[in-house]
Amino acid sequence: MKKISLALFCVLISIAGFAQLCNPSFTATPQPFPYLIVNFSNTTSFTAPAPSGPNSIVYAAYTMNYGDNTGTGTFSTSHTYALPGTYTVIMNMKVIDTNYLTHATQILCTSSFSQQVTVSYPPCAISTSFVHNGGDSYTFTAANPANTPGLTYTWNFGDGSGNVVGNPVTHNYTFSGSFPVTVTATGAGCNSYDSTNVSHFNGNVNCAQAIADFFYYQNPSVTYFYNTSTYIPNVVLEATWDYGDGSPLVTTTLNQGHTYAYGGNYTVTLINKWKSANNATTYCIDTVVKTVMITGPAQPNKISGYINFDTAILATPYDSVSFKVWLIQATYDSVLSTYSLSAVDSLMLINAYDYMPASRLYQFNNKPAGTYYVKAAVAPGAYNPGYIPTYHLTTATWSTATAIHHTSGIAINKNITMLTGTPTTGPGFISGNVSQGANKGTAGNIANLLILLRDASNKVIASTYTDINGNYSFGSVAYGTYSVYPEEMNYATTPSSAMTIGGGVLSFNGVDFEKNSTSIVPKTTSVKDVANNAFIIFPNPAKEQVNIHWKNGVNGNAQIIISDLSGRVVYNKNAATHAATQINLSNLNQGVYFIKINTEKGQYTERIVLQ
């Protein structure tokens, strides 16, 4: 009898010990927003006892009944009630011993814990809705489920029109766009805020709010670009990407992934056009330029090439010539929307021999990615048998030079084949002066300006530089027809009129030019007078169209030629001068172009900026 009583006592002690394992508890915290949501936290303190065997585990299981007839389920950290009220929430707990091989299960204890939770709408709780009345009109309504009296509702319609008090309210949108509409309810010692969004299109786009932007991330070898530019409903967004590594431009409406061959800093340009669905109309254009930092292997960085020259004009085939080589960079100013050329480096090749390639090799190292030009000329003071300053590949003028699109990698074999003049012996003489235009400040002479002499086919046959007084001259000119062409980077040149040596005319003096802010023009054919008397070009800067208004007295047709900085002709047409001329430039990238107009009154060249 004593043994039986002792065994029963041990069982009761064991049951009491297991019961202490089940002691559930939780906290409930109603949230002010979103409305009627309660956050729950399981605060039960549980330490699992030793399992019944080597193949067993002991764990606690919890279920919740939130008291709103949604049933019993597993524990959740939050619950949303459909209606305000007071609810009894019950947490059930079991401690279970399970053999994971035999699946035998023993419940060691069960228990429950309950508490009441009250949820209600805040006094200023609001929700927002709207209806489109047709056209540009919308009506907005704020609902207060707590039915709190005396609330004031302040609306902002997201289009910069200011705040309006009332409920409901009606608003008309002037422009197309995606507009965040907000309402604030105040009163009864509280305030609340809600928002909605209106996408409206009426064909009228506010370009001041059309902003181009993007972000990127690298993962790991591919760099992903995301277009985060302003969204305008019912308007097509055409995005053109320049990744800054010399790869072709990509035009797409999708986000882009791009693989850079090497690490480094790249200048990425995104040009956005907001266009009509049928692409017939471009509403807005905006550009964003950012520096993108790419991790990856370092790449070699050099721009190099050979100076090639004709030994036939040397005294002996083994003579040497010393050259100076300039590296010129084309820089885009996003504020002024202009490109400009400037020499960023130079080097000397002393005693370059035709039969020794190494002596003719130029090389510029560690230059950032960008667009460059290279130019070579016989070194100052060195022996010059007749070579003319020449750009890569072989041209005398910067506007027709071949650009080098450097990707911060290897740009090799950018060779320069030196132009040679045509030695002439004749009785002709051509001279003139280059002075500074009044709009450049105090008028004065232009020294050290390169002057090119061209034949009837516009081939350069000789070159010289202006002296300290801006004077230049060409002697011993053979019989023939010639023109003079001053050459300087960033300036559009209008050459002189044709001059013929012969027929009793052996000299042309006073072939003078004026250097203005963007052009060099003959004084004898005033570009300003041609423009004033013949036509007006507007607007400048332009976006997608430039207009030419012809004045009285201009008859027949005019030739219109537009070229980019590299000299590539992008537009060449004749236009009748009896009606205004409109030129569509929407297919061109932003930048600087030169428009040349030939009329019966003369030739006119102007720099235009396309934004």
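Details
- In the chain, Cα pairs under 8 Å separated by at least six residues give a relative contact order of 6 percent.
- For I468 and A343, a Förster radius of 22 Å and the Cβ-Cβ distance give a FRET efficiency of 0.55, rounded to the nearest 0.05.
- Structure-based [θ]222 nm, the chain - -39500 (n - 2.57) summed over DSSP H runs of at least 4, per residue, nearest 500: -1500 deg cm²/dmol
- Which listed pairs, of K290/K375; K290/K414; K324/K515; K367/K414; K523/K573, have C-alpha distances above 19 Å, in listed order: K290/K375; K290/K414; K324/K515; K523/K573
- Listed residues D136, D245 arranged by accessible area, highest first, probe 1.4 Å: D136, D245
- The listed residues F179, F46 rank as F46, F179 when sorted by accessible area, largest first, using a 1.4 Å probe.
- Packing here is the average count of other Cβ atoms within 10 Å per residue, and on that basis the peptides 160-172, 503-515, highest first, run 503-515, 160-172.
- Within the chain, DSSP assigns beta bridges of which about 95% are antiparallel (rounded to the nearest 5).
- Cα centroid separation - region 264-333 against region 149-202, whole Å: 50
- With a cut-off of 15 Å between beta carbons, the residues surrounding C284 carry a summed charge of -1, where Lys and Arg count +1 and Asp and Glu -1.
- Averaged over its residues, region 65-136 has an accessible area of 57 Å² per residue, based on protein heavy atoms and a 1.4 Å probe.
- Label-to-label distance, nm, for residues given as E544 and T86 (7 Å Cα→Cβ offset): 6.7
- Computed over protein heavy atoms with a 1.4 Å probe, the accessible surface of region 359-515 works out to 42 Å² per residue.
- Straight-line cross-link reach from K543 at under 14 Å between alpha-carbon atoms covers these aspartates and glutamates, not counting any fewer than eight positions away in the same chain: D286.
- Along each principal axis, taking the top coordinate minus the bottom one, the Cα set of region 361-463 gives 50, 40, 30 Å in descending order.
- Estimated FRET transfer efficiency (Y100, S45; beta-carbon r; R0 30 Å; 0.05): 0.75
- Accessible-area value, T148, 1.4 Å probe, nucleic acids and ligands omitted, Å²: 30
- The protection proxy used here, the mean number of other Cβ atoms lying within 10 Å of each residue, ranks peptides 79-89, 483-493 as follows, highest first: 483-493, 79-89.
- Each label point was placed 7 Å from the Cα along the Cα-to-Cβ direction; for A358 and L588 their separation is 4.7 nm.
- Our estimate of slack between T27 and T400, defined as 0.36 nm per intervening residue step minus the Cα-Cα distance, is 126.4 nm.
- Equivalent ellipsoid semi-axes - Cα gyration tensor, the chain, angstrom: 81, 37, 16
- Taking the C-alpha atoms only, the angle from helix 2-19 to the longest principal axis of the chain is near 30 degrees.
- Taking only protein heavy atoms and a 1.4 Å probe, the accessible area of the chain is 52% carbon and sulfur.
- Relative contact order [Cα under 8 Å, 6+ residues apart], region 205-332, whole percent: 22
- If R0 is taken as 35 Å, the Cβ-Cβ distance between I107 and T77 corresponds to a FRET efficiency of 0.85.
- Solvent-accessible surface ranking, highest first, for L361, L585 at 1.4 angstrom: L361, L585
- Probe 1.4 Å - accessible area at D286, Å² to nearest ten: 40
- Label point distance in nm, S247-N219, each placed 7 Å from Cα along Cα→Cβ: 1.7
The values are calculated or read from the model by the stated rules, or taken from the named source; none is laboratory data. From a predicted model like this one, the values you see are computed outputs, not experimental measurements. When we count neighbours, we look across all protein chains shown, and the Cβ atoms used for this are built from the backbone with ideal geometry, even at glycine. The protein model used for the area step is the full one, side chains on, heavy atoms only, and it has no ligands, DNA or RNA in it. Shrake-Rupley method; radii C 1.70, N 1.55, O 1.52, S 1.80 Å.
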